[in-house]
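The structure's right below; bear with me while I get my questions together.
The values are calculated or read from the model by the stated rules, or taken from the named source; none is laboratory data. Not measured: the values here are computed from a predicted model. Note: ideal-geometry Cβ built from the backbone for every residue, glycine included; neighbour counts use all protein chains shown. Quick note on the areas: whole protein, heavy atoms, side chains included, nothing else; ligands and nucleic acids left out. Shrake-Rupley method; radii C 1.70, N 1.55, O 1.52, S 1.80 Å.
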Amino acid sequence: MAADKVVMAVQYSGARPDDVRLVDLGVITACYHRMSGQTHLLMEPSPEIMAHLWGRTLTLAEITAALATEFDMAAEADFPDTLAARLEELCAIGLVTTHA
Amino acid sequence: MHEFRVTIGPASFRVLSDWAKPLRVMERLYAAYPRPEICDFTVRLEAPRPWRKWLRPSVRLDGDYMVADAAPLPLSHAVLGAEMAMNLQMALGWRRHVLLHASAVERDGRVLLMTGLSGSGKSTLAAMLGETGNWRFMGDEFALLDTQTGHIQPFPRMVSLKNEAIGVMEGIAAAHRFGPLLRDTPKGDIRHLIPPADAVETMGKGGPPALLLYPRFGYAAEVRPMGREENFIRLTQASTNYVALGEDAFGALTRLVKDTPTLAFDFNDGAEAMARVEALWAEVSA
């Protein structure tokens, strides 16, 4: 239970809109990250996660609730796990940061 | 050292050589091109050891930008070496445009781009189209994408014909436009072809891209649409300076992907491929 509390306490902050440039190319969204100079190719729901985190700090539960109305897969039991995995990837490439 | 200078499109080169003969060949092949006072890049054709200038002469390539430990070439392949070294300067050093590994031809002010791996047929198709009189040859190796305008600028260096393409073009272009046949090079047989006169006379004039093809020689004729995501990924791979140019290159390539109809183009016969290119061009021009 203690571990669960730590996970739930994690908050995520997104890049500011000025930090990135996004171009919708259909199946993927091309993302240019100005701080690193790197190009990332994002697939759903990563661009949507970023859009909800523009200049904001939210917990996983809050992100899940915010995206619940946008995706069919939001009804699936593992939707929070899917979002957590995408958030971890976005953190790894520097587009999202975490706060305990 | 012997010296040769040439301007190709927006770029200028100085070639220094321990031997006069390769530069005499280049003087002939590039006779119609301007000779610059100031050069963007320098390349050198040097003997790896002093005695290699005369005894079993071999050529070590050097320049402003080089790959480490490149194997020397025999002197008979020195012109190919100079071309490879000039290409390398562009690939690693050019910053004024997004450099795409692509051929380009122009018609009615708009540009047909063709990109793909070595051996895809993009170079031969561009050379063949350039000989028809309907298309202006803009380049067989590099297309220069202007990050501000989105236009393609020509880089009409000598056409580097490989293997089967040599015989194809010998049947089309006049004999005096060919360089010496270079046999058994690291790229197979090579013969250089001087681009048509109009390609050199108008090499400062670019144009907006209207169609992008990914030719693939040796497959049953087929044309398939290409998704934007695959197109974008392949174009970043086809550009040698995408990372170096940063956001300007990102903006230029995403714009190219969004604005330009793009098709995968399999073919196994040059004449038939040209007819299909004409038909596709008519569709995008309608």
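Can you go through A:T69, A:T57 and tell me which one is at pLDDT 85 or above and farther than 18 Å from B:E229 by Cβ?
Numbers: A:T69 fails: at pLDDT 85 or above.
Checking each option against the conditions leaves just A:T57.
Pick out, from segment A:1-52, the strands (runs of 3 or more DSSP E) lying fully within it that include 3 or more residues that are modelled with pLDDT of 90 or more and in contact with a helix residue (DSSP H, G or I) (Cβ under 8 Å, 6 or more places away or on another chain).
So the answer is A:20-24, A:29-33, A:38-42.
Tell me yes or no: at least one residue of segment B:40-56 is under 21 Å from B:I194 (Cα atoms) and either modelled with pLDDT of 95 or more or of a type in the set (V, I, T) (or both).
Yes, segment B:40-56 has at least one match.
Could I ask something else about it? Evaluate the following for B:G246: is it more than 14 Å from every other protein chain (Cβ to nearest Cβ), open to solvent by less than 30 Å² (accessible area, probe 1.4 Å) and either among the small types (G, A, S) or touching a residue at least 12 places away in the same chain (Cβ under 8 Å) (or both)?
No, not satisfied.
Only one of these is under 17 Å from the mean Cα position of the chain (by Cα), within 29 Å of B:A279 (Cβ to Cβ) and assigned to a loop (DSSP other than H, G, I, E, B): B:M203, B:M169. Name it.
B:M203
For B:R28, which of the numbered conditions (1) crowded, with 21+ Cβ neighbours inside 10 Å; (2) within 20 Å of the chain's Cα centre (by Cα); (3) under 20 Å from B:L181 (Cβ atoms) fails to hold?
(1)
Another one. Report, by residue number, each residue of segment B:15-59 that is in a loop (DSSP other than H, G, I, E, B) and either in contact with a His (Cβ under 7 Å, 6 or more places away or on another chain) or farther than 24 Å from B:P156 by Cα (or both).
B:D18, B:W19, B:A20, B:A47, B:P48, B:R49, B:W54, B:L55, B:R56, B:P57
Going residue by residue through segment B:47-59, is there one that turns out to be surrounded by 19 or more Cβ atoms within 10 Å (Cβ to Cβ) and within 30 Å of B:L211 (Cα to Cα)?
Among the residues of segment B:47-59, not one is surrounded by 19 or more Cβ atoms within 10 Å (Cβ to Cβ) and within 30 Å of B:L211 (Cα to Cα), which makes the answer no.
Take segment B:229-239 and flag every residue that is touching a residue at least 40 places away in the same chain (Cβ under 8 Å) and either facing another protein chain (nearest Cβ under 10 Å) or open to solvent by 70 Å² or more (accessible area, probe 1.4 Å) (or both). Quick ask: steps written out before the conclusion?
Restricting attention to segment B:229-239, the residues satisfying the condition of being touching a residue at least 40 places away in the same chain (Cβ under 8 Å) are B:234-235, B:238-239.
Across segment B:229-239, the qualifying residue is only B:R234.
What residue, of B:G116, B:G109, B:G121, B:G130, is touching a strand residue (DSSP E or B) at 6+ places or on another chain (Cβ under 6 Å) and surrounded by fewer than 17 Cβ atoms within 10 Å (Cβ to Cβ)?
Being touching a strand residue (DSSP E or B) at 6+ places or on another chain (Cβ under 6 Å) and surrounded by fewer than 17 Cβ atoms within 10 Å (Cβ to Cβ) holds for just one of B:G116, B:G109, B:G121, B:G130, which is B:G109.
Select the helices (runs of 4 or more DSSP H) contained entirely in segment B:211-286, then report the ones holding at least 1 residues which are more than 30 Å from B:I172 (Cα to Cα) and at pLDDT 95 or above.
B:228-238, B:242-245, B:247-259
If a residue has to be in contact with a Ser or Thr (Cβ under 7 Å, 6 or more places away or on another chain), under 18 Å from B:S12 (Cβ atoms) and open to solvent by 60 Å² or more (accessible area, probe 1.4 Å) to count, how many in segment B:60-83 make the cut?
Residues that pass the stated criteria total 1.
Let me ask something else. Based on what the data block shows, is B:V168 of a type in the set (V, I, T), open to solvent by 10 Å² or more (accessible area, probe 1.4 Å) and under 20 Å from B:F265 (Cα atoms)?
yes
So B:Q153 ticks every box in (1) within 16 Å of the chain's Cα centre (by Cα); (2) over 24 Å from B:W281 (Cβ atoms); (3) of a type outside the set (A, V, I, L, M) but one. Which box is left unticked?
Just one mismatch for B:Q153, condition (2).
May I ask you to list the residues in segment B:191-228 that are open to solvent by 50 Å² or more (accessible area, probe 1.4 Å) and within 14 Å of chain A (Cβ to nearest Cβ)?
B:P225, B:R228
Hey, another quick one. Can we say B:V6 is touching a Ser or Thr at 6+ places or on another chain (Cβ under 9 Å) and more than 29 Å from B:G251 (Cα to Cα)?
Yes: the conditions hold for B:V6.
How many residues, within segment B:251-276, are in contact (Cβ under 8 Å) with a residue 40 or more places away in the chain and within 11 Å of chain A (Cβ to nearest Cβ)?
3
Out of the residues in segment B:59-81 that are small (G, A, S) and modelled with pLDDT of 85 or more, state the one that is nearest to the chain's Cα centre (by Cα).
Only one residue fits best here, namely B:G81.
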